Amino acid sequence: MKTQGYELDSRVLKTTEDVTLLKNDKGIVEVGKGALAIQINLEGRPRGYVFRGKGKLIVDSIVETKQGAVGKPVEKEVNESFLMLGEWTEAERSLEEADEEDYVEAGFKGKQEFESDALNLLDRFFKGGSCESRRFDRNRGFVFAFPNEKSRFDILVAKGSKLVYKAKDTVFVSKGNKVVLKSAGDVFVSRPGKSVIVTKDGCETVHIRANDCMDYY
């Protein structure tokens, strides 16, 4: 089963324990014991998984400014299928073959229905892009895609201490002790000794130079 050059593995697995897929200073992604998992391959090499089971997403999307803290943390329970791209080193230790009871527990009639659901998730994620432009290797950290109520995705990208979270009306970027938050049309930027706020009507509390913002990316 292929889409955009990516292929689902023939085996469907399940988690044998609660697993932390990502953890850094600003974000955590977890999936519970018994969640279904199917490996995503590209040119015969593993590139990630589609999971279905109880999970959790946490992002510490708070920005400290001279006017006080802005934003609020993201804490979401995940019950739908979601995508992870990246090299998961704990896979072999944390996964085993799924059986028919596991499919029913996850809300599917059987293996084929889960595979179709996983392939549909991949199709939606890669829609409008090319395989070449979306190749993913171990040097790019992790990408998570969580379906939202708008039939789109909330996206989390992380590598080391760097994190980017994009959801409806919200973009949060963290790189070490520098953070940027865009919410409800306002932009909040903070780094040691300096904070910048740009309101949606275009008024600035601090003059912004192009180089100030480029330091974050």
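Please treat every number below as a calculation from the coordinates, not as lab data. These figures come from a predicted structure and were not determined experimentally. Every residue, glycine as well, gets a Cβ built from its backbone with ideal geometry; the counts of neighbours run over all protein chains shown.
General observations
- Legend: calculated FRET efficiency, T20 to A184, from the Cβ-Cβ distance at R0 = 30 Å, rounded to 0.05, equals 0.45.
- Protection-proxy order for peptides 12-21, 68-77, each taking the mean of Cβ atoms within 10 Å per residue, highest first: 12-21, 68-77
- Chain lengthening between D9 and K56 when straightened (0.36 nm per residue, less Cα-Cα): 14.5 nm
- Members of K26/K162; K14/K127; K166/K194; K66/K162 lying beyond 18 Å, as alpha-carbon distances in this model show: K14/K127; K166/K194; K66/K162
- Over all other residues within a Cβ to Cβ distance under 12 Å of F144, the charged ones net out to +1, with Lys and Arg as +1 and Asp and Glu as -1.
- Distance in nm between pseudo-label sites at R191 and E113 (7 Å out along the Cβ direction from Cα): 5.2
- Efficiency of FRET between K159 and T199 - r from beta-carbon atoms, R0 41 angstrom, step 0.05: 0.85
- Full-stretch length increase - K76, E64 - with 0.36 nm per residue and alpha-carbon distance subtracted: 2.1 nm
- Put simply, the amide H of N148, placed in the peptide plane, has neighbours under 5 Å in F153, D154, leaving out anything fewer than 5 places away on its chain.
- Here the simple spin-label model places points 7 Å from the Cα toward Cβ, and for K150 and N120 these points are separated by 2.1 nm.
- Label-to-label distance, nm, for residues given as K166 and D99 (7 Å Cα→Cβ offset): 4.3
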